[in-house]
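The structure appears below as structure tokens.
Nothing in this text is a laboratory measurement; each read-out follows from the coordinates by a stated rule. Note that the structure is predicted; figures quoted are calculated from it, not measured. Methodologically, a virtual Cβ is constructed for each residue, glycine included, from the backbone with ideal geometry; neighbour enumeration extends over all protein chains shown.
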Amino acid sequence: MKNTLVAQRYSHAIISGLDDKEIKSILADVEIMNSSIKTEPELIKTVNSYLFPANKRLEIALSMTQKLKNIELWKNLFSILIKKHRFNIITEILQDLENKILDRHNKIKVGLTIAHELPENVINSISLKLKNILEKNVILETKIDPDILGGFVATTDSLLIDGSIKNNLVKLLKVKSIKKK
């Protein structure tokens, strides 16, 4: 919880006072860094480790910024995080930044898990229903998981909508076992 609050302070400091063009640029940078972190998960541990001197850790962290638009901003942030030995919260900062920026534009990312490929009109229908429920424009991140059998599972940071066949079967089995008692 403490790391989340600290990450929120950093992300707030980054975007406060920025115009829409700058915010779009920050969001693009966040997406690139998230991708870099996913492909190199050990990067954060290495940068946060005391095994290397601070300047070497900063150099390693800055390797992520080569394709970014706001290099100076990220260099300053990384320097602060490394000096305070808090680089381990970079993913939380990036997540909070993304959420704040999307929220500012009345958007939300929703993870949509489906059992198999669905026609585009069905995905659009699900997206529209989620938009009505969440009262925000929905950005779907779809993945396929045959284990849910059918239906879908939609998740945000604070919401889970489980309309999967697997979940319905589990509920049905629970009801039947309660009735037997």
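Numbers for the structure displayed
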item: Gaussian network model of the chain, springs between alpha carbon atoms under 10 Å - residue of 72, 120, 135 with greatest fluctuation; result: 120
item: Whichever aspartates and glutamates have a C-alpha closer than 13 Å to that of residue 2, once near sequence neighbours (fewer than 8 apart) are set aside; result: 92
item: Separation between Cα centres of the stretch 89-127 and the stretch 144-170, rounded to whole Å; result: 15
item: Span-rule helices in the chain, defined as complete DSSP H runs reaching 24 Å or more along the axis (Cα) with Kyte mean at least -1.0; result: 20-39
item: GNM flexibility winner over the chain from 99, 167, 88 (Cα, springs under 10 Å); result: 167
item: Prolate/oblate/rounded label for the stretch 2-103 (Cα gyration tensor, a/c 1.5); result: prolate
item: For the chain, share of DSSP beta bridges that run antiparallel, in % to the nearest 5; result: 45
item: Residue with peak Gaussian network fluctuation, the chain [Cα springs, cutoff 10 Å], from 61, 154, 13; result: 13
item: Simple label model, 7 Å out from Cα along Cβ direction - residue 116 to residue 44, nm; result: 3.6
item: Pairs of lysines in the stretch 108-180 (C-alpha under 30 Å apart; 8 or more residues apart or interchain); result: 24
item: Residue-averaged 222 nm ellipticity for the chain, from DSSP H runs of 4+ at -39500 (n - 2.57), nearest 500; result: -19500 deg cm²/dmol
